[in-house]
Amino acid sequence: MGLALLLVIWLITFFSTYFFVAKTWWLPAGASAAAPWIDHQFALTYILMGIVFVAAQGALGLFVWQYRDRGTVTKVQYSHGNTKLEALWTVLTAVLFVGLNLMGSHVWASERFEPPKAGAVQAEATGLQFAWYFRYPGPDGKYGRTKPELVDASAGGEAAVGLDTSDSAAKDDIVSGVMYLPVNRELDLTLRSQDVIHSLFIPNMRFKQDAVPGLLIHMHFTPTQIGDYEIACAELCGLGHYKMHGMLKVVSQEDFDKWIASKETEKQ
């Protein structure tokens, strides 16, 4: 029985490891400046955790075989175990997890706490059940005032974000259901939510951040490849959560300027 259990444990370990490794990568192609470092962090974590997993499961199977019932009756003895070995594994585990956390915190801190560079594109993402809306401040570089009592999700557009059109700064604000960004320019993004917690998730940009009601959360990233990228909500936000998605279109600076100009023309 001990041998059979050893073989079962080792076979499960082998096949699960094989199918995990056979899937060459678990994320779509990275298209932001931070993607290479984030992907490196993922790969390093996978490798280290894989080594620990295989070693632990291999040892488990070996111990099942080594300490199997041999059919002999002996006096039961209490065993405390090996204190030094327990301390060693605890320290190594702590070093591994704290080390990975410290390595990953650099990228997180650069996207969350460091201010955006000069010349960054300003945009605001507002989540509401069940859609994303994106606002740009226009030529004046200032967002117009918003009011909760003006919010009308069913109307979409400016009404969905509660834009106060009587505010002079709101006259040139652009509200869109699609996010447009110029390639190779940093985005200074402000996240808002109208109702519950949402999470703006753009897998190709390696970007994911919760939008919390009552908070203005600032993040930034730099798209590096022209293309269309899916935006999802990664926080269960209600019965319509499954359909809460949008699109990010990364275009050339020229095409971005044309899009902004066309939206300004529509408002006149």
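Screening C237 against (1) within 22 Å of W37 (Cα to Cα); (2) in a loop (DSSP other than H, G, I, E, B) leaves a single unmet condition, (1). Answer yes or no: is there a residue in region 25-34 that is assigned to a helix (DSSP H, G or I) and out of contact with any strand residue (DSSP E or B) (no Cβ under 7 Å at 6 or more places or on another chain). Within region 25-34 (the criterion being assigned to a helix (DSSP H, G or I) and out of contact with any strand residue (DSSP E or B) (no Cβ under 7 Å at 6 or more places or on another chain)), the answer is no, since none of the residues qualifies. Here's a check for you: in region 212-230, which residue that is surrounded by 21 or more Cβ atoms within 10 Å (Cβ to Cβ) and modelled with pLDDT of 95 or more is farthest from Y143 (Cα to Cα)? Taking the candidates together, the pick is Y229. Residue pairs whose Cβ atoms lie under 9 Å apart, sitting 6 or more positions apart in sequence or on different chains, and linking a residue in region 198-215 that is in the same structural domain as F130 (by TED's automatic domain parsing) to a partner that is in a helix (DSSP H, G or I) and of a type in the set (D, E, K, R), are R206/D39; F207/E111; Q209/E111; Q209/R112.
Within region 77-97, can one find any residue that is of a type in the set (G, A, S), surrounded by 11 or more Cβ atoms within 10 Å (Cβ to Cβ) and either part of a helix (DSSP H, G or I) or without any contact (Cβ under 8 Å) to a residue 40 or more places away in the chain (or both)? No - not one qualifying residue is present in region 77-97. Going by the conditions given, is T45 within 30 Å of F201 (Cβ to Cβ), in a helix (DSSP H, G or I) and among the hydroxyl-bearing types (S, T, Y)? Spelling it out, T45 is indeed within 30 Å of F201 (Cβ to Cβ), in a helix (DSSP H, G or I) and among the hydroxyl-bearing types (S, T, Y).
Considering each of V161, V121 in turn, give the residue that is in contact with a strand residue (DSSP E or B) (Cβ under 9 Å, 6 or more places away or on another chain) and either touching a residue at least 60 places away in the same chain (Cβ under 8 Å) or loosely packed, with under 14 Cβ neighbours inside 10 Å (or both). Within the list V161, V121, the selection yields V121. For region 194-206, a residue qualifies if it is crowded, with 19+ Cβ neighbours inside 10 Å, closer than 17 Å to Y133 by Cα and modelled with pLDDT under 95, and exactly one does: Q194.
The values are calculated or read from the model by the stated rules, or taken from the named source; none is laboratory data. All values derive from a computational prediction rather than experimental measurement. Neighbour counts are summed over all protein chains in view; Cβ atoms, including those assigned to glycine, are modelled from backbone coordinates with ideal geometry.
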